[in-house]
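None of the figures in this text is laboratory data; all of them are computed from the coordinates on show. Just so it is clear, the model here is predicted, and its values are computed rather than measured. Neighbour counts run over all protein chains shown; Cβ positions are idealised from the backbone, glycine included.
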Amino acid sequence: MAQQGNALAQTRMGQLLESGFGVPRDLGRALGWYELSAAQKDPLGLYNLGRLLIEGKGIPKDTDRGARLLSAAAELNVAAAQVQLAALLELGQGVPASQEMAVFWLRKAAELGDVNAQTRLAAKYVQGQGVAADPAEAVKWYEIASEAGDREAQASLGQLLLNGAQGLPRDPARAGSWLALAAGQGQVSAMMALGRMFETGDGVARDAANAGYWYSRAAVAGASDARPALERLRAGK
């Protein structure tokens, strides 16, 4: 089908050759199939060709052309292309730097259900980067990503609710619920925050055993501030 000009089959052939699934891995041949597919404006063909050119792994790197291809795929509602284009816009790689346009494409991808985009868009609203700071809007997008199971979103949402922000009141009890979900998935900063909550009784019943449990898990995961926290807990300070 690919040889007969079917654009979707050409994209699929590129993916198989790129991954080495069922065929020997061959980035050069993958690039060739993506080129044919992209020439027919297949959205995933445009995205995969642009991505390969930007990565430049095993093929000559061409960030400018890659950005143009990603832009074309983004216009055709490929969420992954929109997210990667946003990253290029943040850095000014292959396109003029623009935090505002990065937010534009992150929002497009977030609305398509891309969890990474939802988390990154929320962070933009926290930081006021490319958009006016809006903690309530950040909470909205963090919650959507958190409900999809994203541990980074859960941890960030928990921290935002724990600390509060401009016009956003603290909600330690709700924060603890999200931090517990993130910590249960191995998110280290959430383990530390949860340990501190149990140590101080902030939003939860004070519980030294639970505090020690989360600090210990964070220490095993490599958190540099976990062992001092454990020592402080043992000393009763």
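Details
- Over all other residues within a Cβ to Cβ distance under 15 Å of T63, the charged ones net out to +1, with Lys and Arg as +1 and Asp and Glu as -1.
- Computed over segment 112-175, the percent of Cα pairs more than 17 Å apart is 31.
- Pairwise label distance in nanometres, R174 with Q4, each label 7 Å out on the Cα-Cβ vector: 5.6 nm
- Ranked by how many other Cβ atoms sit within 10 Å of their own Cβ, fewest first, the residues T119, T200 fall in the order T200, T119.
- Cα-based Rg / Dmax (Å) for segment 90-237: 17.0, 55
- Near-label residues of segment 8-39 by backbone N, under 15 Å of a point 7 Å along Cα→Cβ of L76: 8-15, 33-39
- Percentage relative contact order, the chain, counting C-alpha pairs under 8 Å, at least six apart: 8 percent
- Most mobile of A218, A132, A123 in a GNM of the chain (Cα contacts under 10 Å): A132
- Gain on full stretching of the segment that runs from F21 to R234 - 0.36 nm per residue minus C-alpha separation: 71.4 nm
- Loop-resident sites, segment 1-85, for trypsin sites (Lys or Arg not before Pro), counting at most 11 other Cβ within 10 Å (DSSP): K57
- A helix-only calculation puts the chain at -22000 deg cm²/dmol for mean residue ellipticity at 222 nm, using -39500 (n - 2.57) for each DSSP H run of at least four residues, averaged over all residues.
- To the nearest ten degrees, helix 188-200 and the longest principal axis of the Cα atoms of the chain are 20 degrees apart.
- Put simply, the Cα atoms of segment 157-237 extend 36, 25, 18 Å along their principal axes, the longest span coming first.
- Entries in K41/K61; K41/K108; K61/K108 that, when Cα-Cα distance is taken, lie over 23 Å: K61/K108
- Neighbour-count order for E55, E152, fewest beta carbons within 10 angstrom listed first: E55, E152
- For segment 98-117, backbone nitrogen atoms closer than 15 Å to the point 7 Å from E137 Cα along Cα-to-C-beta are found at 99-111.
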